[in-house]
Each structure stands twice: as structure tokens, then as C-alpha cells.
């Protein structure tokens, strides 16, 4: 009989995959998935042989699976649910009708956790701060009392223009406990971008800082706050959270909101029982090509999804510690807060995550004894290119899992992590989105890692690849779809009373099936590779290629620091023009040698049809505030449209980066040049 390792190798070879690591990653530790499997067998008489069988059950018996998630984690409901799934159709699936609960009630641990650290905060303009679960509970209770004095209650909107600091988490949990609706953005956003987001939900209370620090740069935000106040006519109160020396006149201080003394647990937090789909928070899309869409997520959906994701995919357990850089505008921030649901603690980073050097996050992981460290693929690849050796230079023996999300990770990044940390650390590369506030495809401690591949769909996520006719494809690129409902699918878009915007956004292409907008390939073993947004796919002569595949090849070349590729279609049906923009390393030249290397790499590593028609030098690639390359707006600018008409400049990290493309649009006859 073949051993499990030999069987995995044989199946991987048959599927054309290279196994990098396989479970168990830490044989001395019992994973959350294993404990859940034992519970299913002993408490529910549901024996499963392992991950694959468990996943199949989770997407075929939706009611059975999600009922066990409710029971296994002991969801605290004031009134019980009548059934798990009232309506299954998408859009409009109805989860746990009749139940009332509150997300925030699950975030404070057990009584014995009162002295356990819940938050470890590191900032570039404050000393480190630690809050225990008891401290957190007391501050939330006082913040709630302050919000109630301001008239905040169930359904009111509370918004935050705050960095990733403890006060932001306290305010969120306080608002959630009251049944109010939360939305937040980081102070890097300009006032127009903030007003575009917040005015849609008509907030009554704004929490804000007057300044913030990013690396060595100190930024005064007082004028921006005044513009935001003027642009939000529904505001009744502004609360100033101190984040430096500057005061903010005409506001209530944070200390005034909480009252004194801050840390004395004089009373308990309030947990307003609300229906399962009652709005918890509003997350906004990037807003690059119009007003950001206000995506409404409900208490119950976020609670169940994050309990499942954090305990099983991320393997967070009581006493663990999560470090993952995020701003308050990104859905990862919401997932940071949810680490508290598992009685784990969270490490907050406020400021530049690469300051004063690339080693900063590794040093912080060593200092805080992090167990799950999340890093962005660009940061990971930058560490590799810089020749860092975190596995050798730091004591990271506490780390069991490294997560990577936000953009695709090249195979070389997988190899580098494995070289640094060996077989005992799980590299969990995943992809999800603001739309579902979780991971759609990712790994877990019970799944192998294949080189360059995400291990498979998450539990409870019926993800597939569809062709243009709505047929399932395996082994070839297709649209990423979800064919069964999930509890954390949005309640809807704020203000979309007839649901038409929501239907058009996700269900307009394949009726009754969620279209996510990514271009994905699933292997025979269920692993996957996302190659970019499906609306930015490069189609040359019938051969489709994702932009992420292009970047993986080009940005591995010595001398290339960054790149952006766009395909300009020919309106008369010709092959069009494929333009590659390259940022040379160190600001150097784009010479013939580098051009030849790029052409050779693309031709041999990707496809001869995808050799760029022109390769141009670029000073900087334009990104959104959340780190996405602006491929589609650039394409429209090169087509002759003005930058300000195709992109919301407040959603762009550096609007000056678009100037080169507007200049080039007037020089389309050139075959070489410097953009």
C-alpha cells in the first residue's frame, strides 16, 4: 500500500503540480480542523476521512455544515433560528431567519481571559500599547456610554477617519454592540475620497485624528477634516482621537467620550440583539472608476464566516497571535478584529510597514512572538530581491503560518519562504475580497502546498471556474464563480433599494451564480492560480493570459522593479497593441539589453503572442490606495480619455503617476520612448 507521501507525489505528478510541503506542519500541535473533525464524528455522527471529503460536504449540505459551525463555536443567540437557510436562491439567500445575536458579544473571550493580552499596538508616533481582554471590555463599555450620550443607537451610522490603532477597534466594537453601523477609512485618503464614501451612508458621528505619521513623514490632517465635516451634512458630532500633539477645535475628545477613569470596569458593554442580517459594517470598493460601492455586511454572516475561517483556515487558537499589516480601509482590518473571536491576540501596525527598513515586520514578529504572520506578496518578493534572510536572522520559532493575500504570488516567492522556514511553516496563499469579507481560495494546515498554487477553495465556498457559456472548466482559465450561497455574501449595497446594482455587480453574467471578477485556473486536485482580473485579461489571437502571469514573469527579471501591461484593442478587429511599461531598478535606464531580456522571457516563459509590441520606461506604476495596479483606467487614458474622467483621483495613491500616460496618449505613433 502506497504511503500518503508517495500517493500525494503520484497524484501531483499526474496533475502537473510540484508539492512544496504537506501536512502535518507541526505534528506536536492539534489543528483546529482536526478538533472539528473529531467533534463532528463524536457529537454529530459525521465521520470524514480528511479535508477533501470535509470540503465536499461543506458545499453540498449547506444547512448541515453551517449549523455545525453555529453549534461548534457556541454562537450566543438571544432568540434561536427557525431554520438554517430560509431561501437558497442567489441573490436573496436568507440565512438563519428568526435568530437575533450580536457580533461584538463574541469578541471579549471568556472570564478567565480578562488578564490575557488582546491587542499589541505598534505605532511610529506612539510608544507600544497593550490592552488585555479586560481592558478592551472596559474601554468598549465606556465608549458605548459616550456614543449613547451622543444619541447613537441601533441603525445609526458611525464612521472613522482613523489609522490602525487600538481606539479604532474599541470604537468599532462599541458601535457594533449598540447595533449601529460602522465604516472606516485610513487618514491617507484625501477629503474628496472620504466624502464620496461616507456621504452615501449619512453618518451622525465621525471619529478622526488631526494628524498621522508614515515612516519619517508627518502629515497634518486638520484641513482635510474640516473639508470632510463640511461635506457630511448629517454629522452631529465629531470625536477627536489624539495621535500626536495637534488639537482639533470644535470636537469632543476621546477621553471625553470615554469618561474617566478609562480603564476601570465600572459597567459592562451593551450587546443589542439584532437579526442575523442586520448591518454590521459598510466596506467600500476602491472607487477608481466611479463612486465606491458601499457593500453592507451583516452581523451573523461576518461572525460565522470569520469564526470558521480563522479557526480552520488560519488555525488561530486561544493564546495565538496574529500580525498582518492593514489600513482601516481594507477588509483585512475587519479580519484582524475577528482574531479576537478565537481568543487570539492581534498585533497592530500604524505607519509604514517597511520603515525604517524591510526587516521591520520580521523584527516585530520576533518581538511579539507572532504565530500567524500575514505579508503582502510585493513585500515578500522585495525581501527576497533584497537578499534578506529572516529565517536565519530572527527567532521566528513561534510562527506556524505565513499568509499572503492582496495580489498573486510568484512561484519564486513560494520557494523563498520554503528555503527560509522549511516544512514546519505553512505558506497560506489566498485570495478573497471585500465583497465577501473573507478568503475564497486559500490553504489550511490539513492541505498540501503546491508550488505557485493556492491550495483550494475555503470550507463552505463552492468556487469553480466557468467558461463564457457557464460551463465548469478544469485545467484552463475561466471566470471565478461561487455557485452556492455563503452567509458572508453582502446583505446588499447601501441605498440600493431595489437590489438592481447588487444583482448587476455579481449576478448579471451568470444568473443565480456569483461572478467574482477574477480569472482563475483550477487543477484536477482543486488547487488554483489567479491570473488577474478577468476584465483586464490579455487576449492575443485567441490566447488569453492573465496580467498577474505577465507580472510574475517580467518582475523576476534583474533590473525590473515594477511593471504594468495593457492591451489596446483594434476597433477594426486586428491584433491590437500590447504595451508593457517597466520601472527599471534604481531608476536606471531601459536599455536594449533589458528589452531583449524581457522579450526573451515573455516569448519562452509565457507565449510568443504575448511579446509586447512596445516596451516603455516608466518612473512609477499607478496604484490604488489599497495597492491594486490601475490597468483599466490606464487603458482608457491611452485611448484618449482624460485621467480625471476615468478615475477618482482620491482613490489613487499617487495621482502624478498617471501623467505619463496622458502624455503618451498624444504620441501614439512613437515606437520607443520614455513614458
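Of the strands (runs of 3 or more DSSP E) lying entirely inside the stretch 503-594, the ones with 2 or more residues being in contact with a helix residue (DSSP H, G or I) (Cβ under 9 Å, 6 or more places away or on another chain), farther than 20 Å from residue 405 by Cβ and modelled with pLDDT under 85 are found at 538-540, 543-545.
Condition check for residue 186 on (1) at pLDDT 95 or above; (2) crowded, with 22+ Cβ neighbours inside 10 Å: one failure, at (1).
Within the stretch 401-423, identify whether any single residue is farther than 25 Å from residue 518 by Cα, part of a loop (DSSP other than H, G, I, E, B) and touching a helix residue (DSSP H, G or I) at 6+ places or on another chain (Cβ under 9 Å), and answer yes or no. Taking every residue of the stretch 401-423 in turn, none turns out to be farther than 25 Å from residue 518 by Cα, part of a loop (DSSP other than H, G, I, E, B) and touching a helix residue (DSSP H, G or I) at 6+ places or on another chain (Cβ under 9 Å).
Residues that are more than 16 Å from residue 313 (Cα to Cα) and assigned to a loop (DSSP other than H, G, I, E, B) were ranked within the stretch 22-72; the one that is farthest from the chain's Cα centre (by Cα) is 45. Name the residue that is farthest from residue 121 (Cα to Cα), counting only residues in the stretch 367-395 that are in a loop (DSSP other than H, G, I, E, B) and in contact with a strand residue (DSSP E or B) (Cβ under 8 Å, 6 or more places away or on another chain). Step by step, filter the stretch 367-395, then rank; the result is 376. Every listed requirement among (1) at pLDDT 95 or above; (2) under 10 Å from the mean Cα position of the chain (by Cα); (3) assigned to a loop (DSSP other than H, G, I, E, B) is met by residue 398 save one, (2). Is there a residue in the stretch 492-502 that is free of Cβ contacts under 8 Å to residues at least 60 places away in the same chain, surrounded by 20 or more Cβ atoms within 10 Å (Cβ to Cβ) and either at positive phi or touching a helix residue (DSSP H, G or I) at 6+ places or on another chain (Cβ under 9 Å) (or both)? No, the stretch 492-502 contains no residue that is free of Cβ contacts under 8 Å to residues at least 60 places away in the same chain, surrounded by 20 or more Cβ atoms within 10 Å (Cβ to Cβ) and either at positive phi or touching a helix residue (DSSP H, G or I) at 6+ places or on another chain (Cβ under 9 Å) (or both). Taking the stretch 275-366 as the region of interest, the strands (runs of 3 or more DSSP E) fully inside it that hold 1 or more residues being touching a strand residue (DSSP E or B) at 6+ places or on another chain (Cβ under 6 Å) and under 20 Å from residue 176 (Cα atoms) are 279-284, 294-298, 345-350. In summary, strands (runs of 3 or more DSSP E) completely within the stretch 426-490 and bearing 1 or more residues that are out of contact with any helix residue (DSSP H, G or I) (no Cβ under 8 Å at 6 or more places or on another chain) and over 30 Å from residue 35 (Cα atoms) occur at 463-466, 477-482.
The values are calculated or read from the model by the stated rules, or taken from the named source; none is laboratory data. Remember, it's a predicted structure, so these values are computed and weren't measured experimentally. When we count neighbours, we look across all protein chains shown, and the Cβ atoms used for this are built from the backbone with ideal geometry, even at glycine.
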